[in-house]
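Single-structure report; data block below.
The values are calculated or read from the model by the stated rules, or taken from the named source; none is laboratory data. The structure displayed is predicted, hence computed values, not measured ones. Cβ: placed from backbone, ideal geometry, glycine included. Neighbour counts: every protein chain shown. What goes into the accessible areas is simple: the full protein's heavy atoms, side chains included, and nothing from ligands, DNA or RNA. Shrake-Rupley method; radii C 1.70, N 1.55, O 1.52, S 1.80 Å.
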Amino acid sequence: MHNRVLHLPRFVFCLPLLLSACAVTRVAPPPPVTAPAAFKEDTPWQRGTGAAATAAIPDDWWTLFGDPQLNALEARLIVGNENLKSLAAQLASARAAVEASRSALYPTLSVSAGAARDGNPAQTTGNGGSISNTANSITLGANAAWEVDLWGRLSQASEGAQASAQASFDDLAAARLSAQATLAQTYFSLRTSDAQLDLLTRSVAAYQRSLDLTLARYDGGVAARSDVLQAQTQLKSAQAQQADMAAQRATLEHAIAVLLGIAPSALEVAGVAGLPAVPPVPELLPSTLLERRPDIAAAQRRVAAAYAQIGVADASYFPALSLSASAGYRNTSLSNLVSAPNFLWSLGSSLTEAIFDGGQRKLASAQARAAADQATSTYRQSVLTALQEVEDNLVLTRRLQEEVAYQTDAVAAAQRNLAITNDQYAGGTVSYLNVVTAQTAAYTSESSLLSVQNRQLAATAILLKNIAGRWEVDAPAPAPAPRS
């Protein structure tokens, strides 16, 4: 009888070896989306592999703009931004879930110790006496249990958790990249406000000189009262625009402070009138740069996690096999507790299969498949959106460069016209209306140039964000040196 008890567990422990790697519930996810061989907007792109991002995003991509103040602000962003801290905590939780899912693949072992005193009703003896039935029980034991992963339920749950953790890591990288780009765009807008304030300051000074000249001509009986009123109107309008631009500049500075995770009152960005130089966009950009985008990688990994859940749900259709073992000692006293006569052990197994569950397994499987279809559609849409973003900003950077050139010529022409008109007015050959028109044209053209330059800087920053960093392709890893 003793030998027969041993033979059954041996057979049960050999069964997992026979059925190992028998994940009949595994469902392969669809292939990744392939990028087009070329983009529409003139730039020749090379076809990518469609693989999820594996290379790290360049941490200093914003240094292409060559602005020390922007570099200093970007360095403070990662440390203080509260949204990034929240996603970092989410990533830590996902990694803990991965470790928890992996631990389910291994047996569990527990130890126990106990002491009890039992009493039963006293028994009456033949001579009228009674015997008290009390006894002590002291136990010391260990228990082991293991759910055999016959159908891949536990392994696929672990793979799904790993894919979800990788997606959380990519979410953090995507949020970091988005915050960096947002900070760059906000900073460029602030610098544009500084340039607009400088332009308005120069315009106010010029309008004041024009007003002084007009008043002198009016006092001399040369200019009309309407010329003075026009000069005053132009001066006051410029001063009002100056106050409005100062308010816009303050709100942009507050927005930068919040991005850095500090109170608006704790940040002061020094004003600089000039704008940073726009880095030139290369003529050839490989589409493999899209594979660095963390948002695409996150979507693709969520597809893998969703398809792993299909396997987990389908595994519930098959029986679950659990193995257990226990051993220990039991005696009525602590003395000689750990000895051969007091040794107890048991080995066992259980095979369970649900007969009726009201359709829960079928519904769980259908739900997992619907979630996988949704994740796949989300992934494909993220790729299409990424392609659109690149296309949009490729055409923007190119057309805005042309617009800057045209607007620069317009500024030069307006300044020459203003100088000529001022000389003509001083000589009394034109009315002050001509001066107002020339001044308005000069201010509007220069202000428009600053706006176009701001849009060009923003488009370049967004394009860098869309390709997840710099223009350069990641250098391949060096080949290992041959062994001697």
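Numerical summary
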{"item": "Failed item, numbered, when Leu211 is tested on (1) in a helix (DSSP H, G or I); (2) of a type in the set (A, V, I, L, M, F, W, C); (3) in contact (Cβ under 8 Å) with a residue 60 or more places away in the chain", "result": "(3)"}
{"item": "Conditions (1) over 17 Å from Leu70 (Cα atoms); (2) part of a helix (DSSP H, G or I); (3) open to solvent by 50 Å² or more (accessible area, probe 1.4 Å): number failed by Val258", "result": "(1)"}
{"item": "Enumeration of residues in segment 415-451 that are in contact (Cβ under 8 Å) with a residue 40 or more places away in the chain, hydrophobic (A, V, I, L, M, F, W, C) and surrounded by fewer than 18 Cβ atoms within 10 Å (Cβ to Cβ)", "result": "Ala426, Leu433"}
{"item": "Segment 379-400, subset open to solvent by 30 Å² or more (accessible area, probe 1.4 Å) and under 17 Å from Ala277 (Cα atoms), residue nearest to the chain's Cα centre (by Cα)", "result": "Leu396"}
{"item": "Test: Leu150 is surrounded by 20 or more Cβ atoms within 10 Å (Cβ to Cβ) and free of Cβ contacts under 8 Å to residues at least 60 places away in the same chain", "result": "no"}
{"item": "Verdict on Ala247 being surrounded by fewer than 17 Cβ atoms within 10 Å (Cβ to Cβ) and under 30 Å from Leu140 (Cβ atoms)", "result": "no"}
{"item": "Answer from Gly358, Gly348 - the residue that is in a loop (DSSP other than H, G, I, E, B) and either among the small types (Gly, Ala, Ser) or open to solvent by 30 Å² or more (accessible area, probe 1.4 Å) (or both)", "result": "Gly358"}
{"item": "Out of Ser237, Ser265, sole residue that is in a helix (DSSP H, G or I) and either open to solvent by 60 Å² or more (accessible area, probe 1.4 Å) or touching a residue at least 12 places away in the same chain (Cβ under 8 Å) (or both)", "result": "Ser265"}
{"item": "The listed residue being at pLDDT 75 or above and open to solvent by 60 Å² or more (accessible area, probe 1.4 Å), out of Asn120, Asn143", "result": "Asn143"}
{"item": "Residues within segment 78-93 that are open to solvent by less than 80 Å² (accessible area, probe 1.4 Å), assigned to a helix (DSSP H, G or I) and out of contact with any Asp or Glu (no Cβ under 8 Å at 6 or more places or on another chain), tallied", "result": "8"}
{"item": "Test: residue in segment 387-399 that is acidic (Asp, Glu), within 30 Å of Val148 (Cβ to Cβ) and modelled with pLDDT under 85", "result": "no"}
{"item": "Leu337, sole failed condition from (1) surrounded by 15 or more Cβ atoms within 10 Å (Cβ to Cβ); (2) modelled with pLDDT of 85 or more", "result": "(2)"}
